[in-house]
Amino acid sequence: MLRTTLFFLFACLAPFSLMAAAGDTSPQQTLSMIKPDGIANKHVGEIIARFEKNGLQISAAKMLHLTAEQAGQFYAVHKDRPFYKDLINMMSSGPVMVMVLEGEDAIAKNRQLMGATDPSKAAASTIRADFSRSVTENTVHGSDSVENAKLEIAFFFKPEEIVNPIK
């Protein structure tokens, strides 16, 4: 009887807990990076304006020049991919601007604004469709999950460098 009652309660309440999770409006953080081609082609202001127009605020930002070693560490997940060497060369070819973006559903919103990795497949009016030349020179990087956002943010920023850090 207890088992049946618990099953019934779970079956009845589960949809409500899923709805609450799906409707969660708490702020989220993501890492966004404007790559060397975006800096060189003077798209920084336009890219930041798109973030702000879409409800993303900057909680931390810095401009730096990655060494090949730093770029290799950051993109280590791609080490066995054929494009890895070109990616590292491009990422260490000039300055990047790294930012922590914050807002409701920030990861998905940033990825939607960026567009597909391949600019020829990116939806119209996305950052990559408007500003990118190739898969390697695709202007921006953005975290693809909550877990990766935490790792990528920690790669570039100390907690005290982030305004309104989310715990």
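The values are calculated or read from the model by the stated rules, or taken from the named source; none is laboratory data. Every value quoted in this text rests on a predicted model; they were computed, and no experiment measured them. FYI the Cβ positions are ideal-geometry reconstructions off the backbone, even for glycines, and counts take in every protein chain you see.
A search for C-beta distances below 8 Å between a residue of region 115-141 that is in contact (Cβ under 8 Å) with a residue 24 or more places away in the chain and over 16 Å from residue 96 (Cβ atoms) and any residue that is among the β-branched types (Val, Ile, Thr) and surrounded by fewer than 19 Cβ atoms within 10 Å (Cβ to Cβ), counting only pairs 6+ apart in sequence or on different chains, returns 135/117. Which one is farthest from residue 39 (Cα to Cα), of the residues in region 58-105 that are in contact (Cβ under 8 Å) with a residue 40 or more places away in the chain and assigned to a helix (DSSP H, G or I)? Of everything passing the filter in region 58-105, 73 is farthest from residue 39 (Cα to Cα).
Every test in (1) in contact with a strand residue (DSSP E or B) (Cβ under 9 Å, 6 or more places away or on another chain); (2) of a type in the set (A, V, I, L, M, F, W, C); (3) within 15 Å of residue 43 (Cα to Cα) is passed by residue 107 save one, and that test is (3). Within region 83-116, if we keep just the residues that are polar (S, T, N, Q) and more than 16 Å from residue 30 (Cβ to Cβ), the residue that is nearest to the chain's Cα centre (by Cα) turns out to be 92. Applying a threshold of 8 Å to beta carbon distances and a minimum spacing of six or more residues, or different chains, the list of pairs starting in region 145-162 at a residue that is among the charged types (D, E, K, R) and ending at one that is at pLDDT 95 or above and surrounded by 12 or more Cβ atoms within 10 Å (Cβ to Cβ) reads 152/31; 152/74; 152/143; 161/60; 161/62. Among the criteria (1) aliphatic (A, V, I, L, M); (2) crowded, with 19+ Cβ neighbours inside 10 Å; (3) over 21 Å from residue 55 (Cα atoms), the one residue 90 does not fulfil is (2).
The number of residues in region 112-126 that are crowded, with 17+ Cβ neighbours inside 10 Å and not aliphatic (A, V, I, L, M) comes to 3.
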